[in-house]
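Below is one structure; the comments refer to it alone.
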Amino acid sequence: MATSPKTSALDDARITQFGLFVEAGRRLSRIMETSIREQHGITGIQFEAMLRVGRSPEHRMSMSQLAEQMVLTSGGVTRLIDRLAAAGLVVRVSCPEDRRVQWTQLTDAGSEKLVAVVETHLDDLDRHFLSAMSPDELETLIPVLDRLRTHCTESHAGVAGAETPT
């Protein structure tokens, strides 16, 4: 007969707090992913990559920077960029100063697609994220999330991303 785990540990408020955070993030991600895929024919992770590249100087970013920011392995980001390149949304550009470095750069078609997807994304953010919070709550949330991101990045520097896009 199996013994039951300590109930007090299972009911720990920290587990509930983190679970709510994870569940809310997953639900928001699913809503936004579905909206982007249905309206624009790309995945949420493809949009995120294009957005990061598009917000970078000269609309290009090194593959290693992109992998680090998206918490992906080098193989995962390579497959992601291969799919975007096949769709004509990005190109790979060699760095003239260091031939080992490959940049990802938006194409004209990629820039146009990104602008359209951003409009949808902003509408989704207003409807599903921002509308759920007061301005005061949002003013508190953003620095907390930034601090959490920084803490996780610093305390786990060098840990390869576990996720790879499918």
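The values are calculated or read from the model by the stated rules, or taken from the named source; none is laboratory data. Quick caveat: nothing in here was measured; it's all calculated off a predicted structure. No Cβ is skipped: glycine too gets one built from the backbone with ideal geometry, and neighbour counts run over all protein chains shown.
Here Val91 clears all of (1) at pLDDT 95 or above; (2) closer than 22 Å to Thr150 by Cα except the condition numbered (2). Tell me, please, whether a residue that is hydrophobic (A, V, I, L, M, F, W, C), outside the structural domain of Arg27 (by TED's automatic domain parsing) and modelled with pLDDT under 90 can be found in region 145-156. So far as region 145-156 goes, yes, one or more of its residues are hydrophobic (A, V, I, L, M, F, W, C), outside the structural domain of Arg27 (by TED's automatic domain parsing) and modelled with pLDDT under 90. In the set Ile36, Ile81, only one residue is surrounded by 12 or more Cβ atoms within 10 Å (Cβ to Cβ), within 25 Å of Leu148 (Cβ to Cβ) and hydrophobic (A, V, I, L, M, F, W, C); that residue is Ile36.
Residue by residue, here is whether (1) farther than 18 Å from Gly25 by Cβ; (2) over 14 Å from the mean Cα position of the chain (by Cα) holds:
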{"position": "Arg55", "(1), (2)": "yes, no"}
{"position": "Gln65", "(1), (2)": "yes, no"}
{"position": "Gln69", "(1), (2)": "no, no"}
{"position": "Gly88", "(1), (2)": "yes, yes"}
{"position": "Thr107", "(1), (2)": "yes, yes"}
{"position": "Leu114", "(1), (2)": "yes, yes"}
{"position": "Asp124", "(1), (2)": "no, yes"}
{"position": "Ser131", "(1), (2)": "no, yes"}
{"position": "Pro143", "(1), (2)": "no, yes"}
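Would you be able to tell me the number of residues in region 40-67 that are surrounded by 15 or more Cβ atoms within 10 Å (Cβ to Cβ) and without any contact (Cβ under 8 Å) to a residue 24 or more places away in the chain? Within region 40-67, residues that are surrounded by 15 or more Cβ atoms within 10 Å (Cβ to Cβ) and without any contact (Cβ under 8 Å) to a residue 24 or more places away in the chain number 5.
When the residues of region 84-101 are narrowed to those that are surrounded by fewer than 18 Cβ atoms within 10 Å (Cβ to Cβ) and in contact with a helix residue (DSSP H, G or I) (Cβ under 7 Å, 6 or more places away or on another chain), which ends up nearest to Gly44 (Cα to Cα)? Looking at residues that are surrounded by fewer than 18 Cβ atoms within 10 Å (Cβ to Cβ) and in contact with a helix residue (DSSP H, G or I) (Cβ under 7 Å, 6 or more places away or on another chain), I get Gly88. Taking region 75-112 as the range and being assigned to a helix (DSSP H, G or I), out of contact with any Leu (no Cβ under 6 Å at 6 or more places or on another chain) and either under 15 Å from Arg55 (Cα atoms) or touching a residue at least 24 places away in the same chain (Cβ under 8 Å) (or both) as the test, the residues that pass are Gly75, Gly76, Arg79, Leu80, Ile81, Arg83, Leu84, Asp108, Ser111, Glu112.
What about Val118, is it of a type in the set (A, V, I, L, M), more than 25 Å from Phe21 (Cβ to Cβ), part of a helix (DSSP H, G or I) and touching a helix residue (DSSP H, G or I) at 6+ places or on another chain (Cβ under 8 Å)?
Spelling it out, Val118 is indeed of a type in the set (A, V, I, L, M), more than 25 Å from Phe21 (Cβ to Cβ), part of a helix (DSSP H, G or I) and touching a helix residue (DSSP H, G or I) at 6+ places or on another chain (Cβ under 8 Å).
Counting only helices (runs of 4 or more DSSP H) that sit wholly inside region 1-60, those with at least 3 residues that are at pLDDT 95 or above are 13-40, 44-54.
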